[in-house]
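Structure first, then comments.
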């Protein structure tokens, strides 16, 4: 990496730390912090103690957010992988039709999609619960999952599967031992992306859950609306942690375990 | 040992609207090595994939030891393919790559280790067990791919352009290694290549394939000295050719009159327009001027190719090549053609 890029990366990292993370941390321990004071005038651990207070619902919101995001990621993979596999078999001349179908949800405003979904699901009597939220999140994230996976599948060399089959691997063993292993980095990246989309959804969660199911974005906005910035900052930091951990794992996995896996793709 | 028989194999690809195979018939005896040679896109790889069960044929039959394999899945056939790009699994070490097939067959860990170490000795890669594929050279990767195929004791070994990605020196080494191992293990093997030298050096028999059909099959000698068609002749070697008209036992061309020898099978060809083929080695510096089978030529270029002289000659508007023991003495000379060396196809 050239010196210039290193400087840019360090500058961006410092910028994020100074402008976002450090003020947030300060807010979590502030009791009083009024303009134009550069630092809080009084400090308190009240906001951090609220994590263990069941009435504040931070723990519940964290578990709900995690559960929903994980379920959305798994459902996306279960739908996305076979769909992409199928799309690969479509004649190139007809691909624009499949592309249009896949990208269509991205062309409509999210509010219109959520309202449409709400109306459809309420007629089936499955609104105001986790299932409705998961459905809405899947609809919002599936096009991204398919776009990322398809980009990878397009360059995937299927002869690896043929070699495995000729060596005696059954179709299941080929899929599990070879295809999934070769596509693991791509699956990890697309899963992370989908997880983050679901993790940060506010509007669809509020509408489809009817406010009955609390997630971290909902809690964060409600504390912000109430002007409780220390609690809002704690929730924001908590919300920041899982994606950060996932990003670090992803970076480690992709850099340390690639083993020249890119050779499986004609990149 | 497995004898492979292929009968009336047809394959059509609707997406490209191409007939990849048009009635292929083939037999490879147990322990034999057949090399299939042909230009790119002639259907060689499609044929291999159908034999391995990786691609279904539209019609026809693939038999291993007289057993019809058409409805048997690839993973139950025991026909292992090795591709030109090696295709080692990048997420596995050398040892894990080699033992992949054994693991699929649920062979125990201790036995797997023993067999991997044995096969690594055979391909001269002992000590490379823990390396990753991207840490190996092209030649080493190809040897690992070969070891991975051999360790499962395949019924058929199918090599698709196995030497294509290697440099000339490695290519010779690898070809020798493959032939040694194939003979040692008495493996029924098919090698597909577009390189005729490779085909002749590796196969007991060589099949020439064009646009989905087997044009000619035989040993290297018969393919090069007695091609069955003009395109077979053109594929093997730098033949000199000229068009002419056959009248009885003679062929009239713009540069000379050629007489066919008494027992030549080409005498049976109907009179009319023909194409005449002459190997560069069949041309000799003439001692006499004029007469049948003699051509007056101008020497354009001449160089010593290591063992013999290579001359580029111009006769009328044709450029011919001659390979001779002696350097042509003059710029303008007569060359003669041995009648037995004439090969004729009707146009």
Test for residue A:77: is it modelled with pLDDT under 95, out of contact with any strand residue (DSSP E or B) (no Cβ under 8 Å at 6 or more places or on another chain) and over 27 Å from residue A:137 (Cα atoms): no
Residue among B:80, B:123, B:116, B:94 that alone is facing another protein chain (nearest Cβ under 10 Å) and buried (at least 18 other Cβ atoms within 10 Å of the Cβ): B:80
Filter pass, residue B:48 being in contact with a strand residue (DSSP E or B) (Cβ under 7 Å, 6 or more places away or on another chain) and either at positive phi or at pLDDT below 90 (or both): no
Of all residues making up the stretch A:84-101, the number that are over 16 Å from residue A:152 (Cα atoms) and away from every other protein chain (no Cβ under 14 Å): 5
Per-region count, the stretch B:67-115, residues part of a helix (DSSP H, G or I) and under 22 Å from residue A:181 (Cα atoms): 14
Residue tally, condition closer than 14 Å to residue A:234 by Cβ and under 24 Å from the mean Cα position of the chain (by Cα), over the stretch A:1-60: 7
Answer residue from the stretch A:185-210, given it is more than 17 Å from the chain's Cα centre (by Cα) and in contact (Cβ under 8 Å) with a residue 40 or more places away in the chain and is surrounded by the fewest Cβ atoms within 10 Å (Cβ to Cβ) among those: A:210
Hey, residue A:201 out of contact with any strand residue (DSSP E or B) (no Cβ under 8 Å at 6 or more places or on another chain) and under 30 Å from residue B:53 (Cβ atoms) or not: no
Given (1) more than 14 Å from chain A (Cβ to nearest Cβ); (2) buried (at least 24 other Cβ atoms within 10 Å of the Cβ), index of the condition residue B:74 fails: (1)
Count - residues of the stretch B:2-44 that are buried (at least 21 other Cβ atoms within 10 Å of the Cβ) and either within 14 Å of another protein chain (Cβ to nearest Cβ) or in a helix (DSSP H, G or I) (or both): 1
Which listed residue, of B:156, B:150, is within 12 Å of chain A (Cβ to nearest Cβ), at pLDDT 90 or above and buried (at least 19 other Cβ atoms within 10 Å of the Cβ): B:156
Residue selected from the stretch B:257-278 under the condition part of a loop (DSSP other than H, G, I, E, B), touching a residue at least 60 places away in the same chain (Cβ under 8 Å) and out of contact with any helix residue (DSSP H, G or I) (no Cβ under 6 Å at 6 or more places or on another chain), by the criterion surrounded by the fewest Cβ atoms within 10 Å (Cβ to Cβ): B:270
Helices (runs of 4 or more DSSP H) fully within the stretch A:127-226 counting 3 or more residues that are more than 13 Å from chain B (Cβ to nearest Cβ): A:130-154, A:180-199, A:203-209, A:216-225
Options A:105, A:82; residue that is assigned to a helix (DSSP H, G or I) and closer than 25 Å to residue A:161 by Cβ: A:82
Condition check for residue B:321: surrounded by 15 or more Cβ atoms within 10 Å (Cβ to Cβ) and within 32 Å of the chain's Cα centre (by Cα): yes
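The values are calculated or read from the model by the stated rules, or taken from the named source; none is laboratory data. From a predicted model like this one, the values you see are computed outputs, not experimental measurements. Heads up, the Cβs are rebuilt from the backbone with ideal geometry, glycines too, and the neighbour counts pull from every protein chain shown.
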